[in-house]
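These notes are about the structure you will find just below.
Here, each number is a calculation from the coordinates, and none is a lab measurement. Everything numeric here is computed off the predicted structure, so don't read it as measured data. Don't worry about glycine lacking a Cβ; one is built from the backbone with ideal geometry, like all the others, and counts go over all protein chains shown.
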Ligand code: NDP
């Protein structure tokens, strides 16, 4: 993490699980970001208590009401973040919020397919669109010219569960809605990386590991990866080094132009 200099970032679903772990991770950096925008769909609710406590001790955490399945909420969040930032841009957008429905293939439903796709895939799409002006501004204002998290980046929390070639935990949970949503998120990440490269924005999809969170535990077996291990710095190549994850799924188009 030595080379990572982030002035501002936004994490969706930051009130628990990996999202909260990421906020804590960035706070522990030798030079923490000036602004950590913590997206949370129910900031006053019981599940946001830990985040509220953290924010009361760290003035650089700004809690932003954000429901990623609601375009109006996304627009309002982008406006609020823009106001906080004044004239400067947003360095990193982390699309972390996600849901899982553990249906078997034969029991999968239109409702669950739609809800999971809306949250896990359409949410990151709309977030990318709404925050693009702020990400562009960060890239333009950065002294560097390559793609990096210190400049401007979209990080999509995907899952190996959505991998077609090395799909994870099929024997434990079929969960087609979740798998399809993450496979589609991988393609969205590829599209973003191709479209936003010209603006200087790095776009990647990451698998965080099978992590000890509410979602990770919902499979009924103990997940092998601790939260701290998941959000620790990764030693990855592909121009995405210094991203705080061990598992890189999809390189940005900066290093791969194959479709
Ligand atoms: P958790 O279930 O522990 O936390 C999910 C977070 O997303 C919560 O903060 C939740 O908010 C938020 N969220 C869910 N839906 C919405 C929404 N519509 N709008 C705003 N926020 C929402 O999950 P994890 O922390 O484990 O997972 C984080 C990401 O990592 C997900 O994208 C997941 O798919 C991915 N991942 C996780 C793995 C694991 O093993 N844990 C493995 C592979 C990928 P609220 O408290 O309000 O519900």
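The table below lists the values:
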read-out	value
Segment residue 70-residue 217, extension gain: residue separation times 0.36 nm, minus the distance between their alpha carbons	50.2 nm
Sum of -39500 (n - 2.57) over DSSP H runs of 4+, divided by residues of the chain (222 nm, nearest 500)	-11000 deg cm²/dmol
Likely footprinting exposure, 112, 106, fewest C-beta neighbours within 10 Å first	106, 112
Net length gained if the chain between residue 50 and residue 83 were fully extended (0.36 nm per residue, minus Cα distance)	9.4 nm
Ranked packing of 82-89, 48-55, most packed first, by mean Cβ within 10 Å	48-55, 82-89
Sequence-separation-based contact order of region 52-128, relative, with Cα cut under 8 Å and 6+ spacing, percent	33
Among beta bridges that DSSP assigns inside the chain, antiparallel share in %, nearest 5	10
Neighbour-count order for 164, 61, fewest beta carbons within 10 angstrom listed first	164, 61
